[in-house]
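Just below is one structure, and these are the notes that go with it.
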Amino acid sequence: MKAKISFNRWTLIIQKLKKCPSSFEAISDFLDYESEIQDYDFRVSIRTFQRDLKDIESVFGIEIKYNRSSGVYQIVEDSNSGIKERMLEAFDTFNALQISEKVSNFIHFENRKPKGTENLYGFLHAIKNRQFISFIYQKFKEEQPETRTIEPYVLKEFSNRWYIIGYDSSKKTVRSFGLDRISDLEINKKKFTPSINFDADSYYKHSFGIIIPEKNQNPEEIILSCDAFQGKYFKALPFHHSQEIIKDNKNELVLKLFLIPTYDFIQELLSKGKTIKILKPQSLIDKIKDNYNSALKQY
């Protein structure tokens with residue numbers, strides 16, 4: 001129980017400092033308030049709080065520094081903040097489910113869940129130790145599965161699915177493989193030296209989803225329009241990191257994106273139906289129109 005209280009207290013401290021840098025007094029008041037709400041004693045002395053900061057960095061990899069000039073504690077941001085956010089999100093969910101043994105009346109889970117996650121640890125181990133992996137892969141477009149051997153570089157999540165990205169020596173290129181289509185994973189003891197200098201951020205900089213663009217594909221300026229109501233969703237959850245608002249009024253939101261319009265991006269546009277209109281480029285407009293025309297022929 002003591003360990004659980006400590007763990008919960010760490011997440012509360014992080015939660016408080018994510019909102020704004022705070023003094024020890026403000027953090028202490030926050031922990032007092034949460035103690036009353038959750039019926040646990042999260043109150044700490046300054047000495048225990050200092051130990052908590054070390055434990056938070058050890059467990060979550062989140063560094064918290066004291067700013068002497070302003071008298072507040074603050075989180076030191078770094079490039080791995082996305083991973084840490086997901087760790088905290090997962091713990092928040094787990095912690096919420098601990099409140100009651102019977103939560104079915106209060107939480108409704110989606111019936112769908114991604115497949116293949118049982119191999120996540122194996123993939124991470126192979127990536128970290130630069131070990132070749134082999135597996136049976138079933139393409140959706142092919143009837144017969146095939147054996148693939150790759151240099152695993154990174155795991156990537158997209159649209160509630162996980163993918164392993166790696167260099168396929170037989171194809172002489174980087175490929176992505178959906179974990180839900182992988183079976184019989186084998187981690188080879190033989191280690192590899194990366195065939196290319198792979199950086200996931202650079203590789204997917206101009207991509208929307210998981211599809212790796214062809215070498216001859218270049219990013220394009222894409223202009224989208226929607227009404228103000230739909231625009232609220234796009235402002236809350238941007239299409240892409242390149243998203244820029246070029247018009248925003250009571251009637252219309254116009255967005256500018258700079259990316260490669262791969263298949264998964266086109267599918268995302270189609271899923272929005274009549275709520276958006278592509279203004280530019282003409283090539284993308286033609287592809288969307290072709291898809292809608294083909295769909296109409298089925299009715």
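The values are calculated or read from the model by the stated rules, or taken from the named source; none is laboratory data. For clarity, every value in this text was computed on a predicted model and none was experimentally measured. No Cβ is skipped: glycine too gets one built from the backbone with ideal geometry, and neighbour counts run over all protein chains shown. Note: areas computed on protein heavy atoms with side chains; ligands, DNA, RNA excluded. Shrake-Rupley method; radii C 1.70, N 1.55, O 1.52, S 1.80 Å.
Data table
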item	result
Dimensionless Rg ratio for the stretch 183-226, taking C-alpha atoms and the 2.2 N^0.38 Å reference	1.79
Translational diffusion coefficient (Stokes-Einstein; Kirkwood radius from C-alpha pairs) of the stretch 197-258 at 4 °C, 1.567 mPa s, in µm²/s	100
Distance between modelled label sites at Thr193 and Ala26, nm, 7 Å Cα→Cβ extension	5.2
Local electrostatic count, Lys171, Cβ distance below 15 Å [Lys/Arg +1, Asp/Glu -1]	0
Normalised per residue, the volume of the convex hull around the Cα set of the stretch 182-299 (Å³)	167
Residue-averaged [θ]222 nm for the chain, counting only DSSP H segments that reach four residues, each worth -39500 (n - 2.57)	-11500 deg cm²/dmol
Which of Ser35, Tyr263, Leu253, positive extreme of dipole for the chain (C-beta unit charges)	Tyr263
For the stretch 240-253, 3J(HN,Hα) per residue [Karplus equation, 6.51 cos²θ - 1.76 cosθ + 1.60, θ = phi - 60°, Hz, x = Gly/Pro]	7, 5, 7, 4, 9, 7, 10, 8, 8, 9, 5, 10, 8, 10
Per-pair calculated FRET efficiency, R0 = 45 Å: Lys65 and Gln267 via Cβ, rounded to 0.05	0.55
Rounded to whole Hz, the Karplus (6.51, -1.76, 1.60) HN-Hα couplings of the stretch 20-37, x for glycine and proline	5, x, 9, 6, 4, 4, 5, 5, 4, 4, 5, 5, 4, 5, 5, 4, 5, 5
Surrounding net charge for Ser195, when Lys and Arg each add one and Asp and Glu each subtract one, Cβ distance under 9 Å	0
Ranked packing of 290-297, 167-174, most packed first, by mean Cβ within 10 Å	167-174, 290-297
Two-decimal Rg/Rh across the stretch 152-219, once Rg and the Kirkwood Rh are taken from alpha-carbon atoms	0.96
Per residue Cα convex hull volume in Å³ - calculated over the chain	234
Positive-end residue, the stretch 122-181 charge dipole about Cα centroid, Cβ charges, pick of Tyr167, Phe135, Thr149	Tyr167
All-pairs alpha carbon distance profile, the stretch 260-299, 5 Å steps from 0, percent	5, 22, 36, 27, 8, 2, 0
Between 0 and 90°, nearest 10: helix 282-296 axis offset from the chain longest Cα axis	80
Protein accessible area in the chain, 1.4 Å probe - carbon and sulfur %	49
GNM top mover of Asn67, Asn188, Asn218 - the chain, alpha-carbon springs below 10 Å	Asn67
Rounded to whole Å, sorted largest first: equivalent-ellipsoid semi-axes of the stretch 107-248, Cα gyration tensor	32, 20, 14
Per residue accessible area of the stretch 184-265, 1.4 Å probe, in Å²	64
Global form of the stretch 3-84, assessed from the alpha-carbon gyration tensor, a/c cut-off 1.5	oblate
Cα-centred dipole magnitude for the chain, charges only on beta-carbon of K, R (+1) and D, E (-1), debye, nearest 20	560
Hull-based mean projected area of the stretch 27-67, where the convex hull spans the alpha carbons, in square nanometres	3.3
